[in-house]
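The numbers here are math on the coordinates, done by the rules we state, and not lab data. Owing to the predicted nature of the structure, the values given are computational and were not obtained by experimental measurement. Because the Cβ atoms are built from the backbone with ideal geometry, glycine has one as well, and the counts that use them run over all protein chains shown.
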Amino acid sequence: MATADTIRTILAQHGKLPVDAATLGEDSDLYAAGLSSFASVQLMLAIEEEFDIEFPENLLNRKTFSTIATIVEVVTELSKDQQAA
Amino acid sequence: MTIQGAVAPLALMDRAKRVAAIAAEHADQVDAEGRFPAEAVAAMRSERLLGIQIPTAQGGEGVSVLEIAEICTTLGKGCSAAAMVFAMHQIKVSSLVSHGSGAGWHEAFMSRVAGEQLLLGSATTEGGIGGNLRNSICAIEVDGDTCRLEKDATVISYGDQADAILITSRAHADAAPSDQVMTVFLKDQYTLDKTQTWDALGMRGTCSDGYVFKGEAPAQQILPRPFAEIAAQSMLAHAHILWSAVWYGIAADAFARAQAFVRAAARRSPEAMPPGALRVAEASSLLQGVKASIIAALTQYATAKGDEDKLSAMSFAVAMNNLKIASSQNILTIINHCMLICGILGYKNGTPYSLGRHLRDAHSAQLMISNDRILGNTSTMLLIHKQDTSLLA
């Protein structure tokens with residue numbers, strides 16, 4: 001189950017943020033918080049591994065990883081779809 | 001399409017060819033003296049090429065990247081430095097057109113660029129960032145309606161000649177290095193203190209000197225979108241496509257010289273195949289490959305244009321990166337082939353077959369944004385992005 005807290009934990013491990021991930025709100029702009037494009041790929045890989053999902057090509061963009069809330073939403077959707085498949 | 005619409009590109013290319021002829025006439029001197037291609041840029045102004053990309057509503061001609069790429073190639077055949085100045089200017093204009101539309105100050109500025117034929121420079125490089133233009137150390141300071149910026153800009157191409165500079169910085173004093181904005185400063189709003197002089201192997205006329213930039217301007221001159229979006233959605237594609245178009249032009253001129261060399265030999269002794277003939281055929285195939293990659297990227301950009309999701313997709317970034325890698329490497333192979341064909345007459349300066357300038361200029365291609373850095377970024381994306389390997393999609 002993807003929750004804001006699980007995403008925040010993965011973000012703290014792989015996001016290479018200059019700020020403490022615990023201080024980030026669900027709607028905080030992660031790019032403004034210093035998420036680089038390189039770190040965002042590492043974050044995607046860690047999330048794929050954690051939730052046993054694969055991000056389809058149309059979701060591999062800046063918008064998907066812009067806030068904790070959008071990541072939770074996308075991961076929840078994908079978990080449902082890909083488990084059903 | 002109206003008849004006028006169909007005829008316009010022809011007239012546009014005539015204008016570009018006139019500029020290219022002037023650029024070619026001065027190319028050797030520009031290279032030898034490492035001076036700005038002033039005659040070519042004056043011709044761009046008199047042919048009104050600097051504002052062509054700007055929408056007609058702002059006094060431009062709304063010309064597409066396709067036609068601008070064709071102009072870059074045409075100019076690149078005459079003088080690489082003049083062509084690269086034109087390309088770099090147009091890359092800056094593309095950011096204004098894509099991200100400044102709707103913003104009052106930037107729309108008015110676009111009208112000025114078209115009306116006064118202003119030349120736009122770029123300051124994205126900074127001492128200490130290790131060449132990664134998606135990071136800044138300096139931060140813009142917004143104080144009421146005014147913004148101030150000081151930057152150790154280790155490269156500002158044609159900084160002395162630019163009429164305005166588009167410069168990146170962190171968005172504010174507490175912003176992360178990757179949280180950047182881009183700001184337009186007009187010539188009378190900044191000072192440039194030269195720290196490094198451009199005395200380089202090639203592309204000598206771009207005058208890519210280093211400066212300490214200090215500027216103060218109304219805060220509304222900051223582009224309204226984050227630089228991350230500008231970089232992904234307009235700079236990436238325009239830079240890799242227009243640079244590649246310039247490089248293709250350099251290689252195409254080298255090829256024309258090599259082919260002329262072999263044809264002259266064949267005319268002298270029609271009974272024997274000249275020794276370089278096979279290599280001309282090889283170079284022809286390589287040159288066609290570069291051309292095809294540029295056309296493919298232009299087609300992909302035309303499909304994605306105006307769609308933020310497509311423009312910021314990894315598939316798009318990987319494709320544009322791949323274009324840059326392929327064209328920057330292949331032009332060196334092509335020009336080297338041409339050198340083998342022309343032999344000592346290609347190696348010597350001042351012959352109709354001289355290729356030294358072409359080869360030196362072409363060596364910049366792998367380095368302006370290092371291919372190693374681009375391959376590094378692509379390899380990161382390929383950890384997660386699955387490349388579309390279909391033929392026509």
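Quick notes on this structure:
- Reported count of residues in the range B:108-132, each being more than 18 Å from the chain's Cα centre (by Cα), within 23 Å of B:Ala232 (Cα to Cα) and touching a residue at least 24 places away in the same chain (Cβ under 8 Å), is 6.
- If you filter the range A:35-85 down to residues that are of a type in the set (Ser, Thr, Tyr) and either at the interface with chain B (Cβ under 9 Å from one of its Cβ atoms) or touching a residue at least 12 places away in the same chain (Cβ under 8 Å) (or both), you find that the one that is surrounded by the most Cβ atoms within 10 Å (Cβ to Cβ) is A:Ser40.
- Residue in the range A:29-38 that is in a helix (DSSP H, G or I) and not hydroxyl-bearing (Ser, Thr, Tyr) present: yes
- Scope the range B:235-271; condition over 22 Å from B:Gln288 (Cβ atoms) and over 24 Å from the mean Cα position of the chain (by Cα); matching residues: B:Ala264, B:Ala265, B:Arg267, B:Arg268, B:Ser269, B:Pro270, B:Glu271
- Scanning the range B:176-192 for residues that are part of a strand (DSSP E or B) and crowded, with 19+ Cβ neighbours inside 10 Å turns up B:Gln180, B:Val181, B:Met182, B:Thr183, B:Val184, B:Phe185, B:Tyr190, B:Leu192.
- Only one of the numbered conditions (1) part of a loop (DSSP other than H, G, I, E, B); (2) away from chain A (no Cβ under 14 Å); (3) closer than 27 Å to B:Ala103 by Cα is not met by B:Ala200, and that is (3).
- Taking the range B:325-357 as the range and being without any contact (Cβ under 8 Å) to a residue 24 or more places away in the chain and of a type in the set (Phe, Trp, Tyr) as the test, only B:Tyr347 passes.
- Complete set of residues in the range B:117-175 that are away from chain A (no Cβ under 14 Å), in a loop (DSSP other than H, G, I, E, B) and surrounded by fewer than 18 Cβ atoms within 10 Å (Cβ to Cβ): B:Gly127, B:Gly128, B:Gly131, B:Gly144, B:Asp145, B:Asp160, B:Gln161, B:Asp163
- Among the candidates B:Arg279, B:Arg257, the residue that is in contact with a Phe, Trp or Tyr (Cβ under 9 Å, 6 or more places away or on another chain), charged (D, E, K, R) and within 26 Å of B:Gln366 (Cβ to Cβ) is uniquely B:Arg257.
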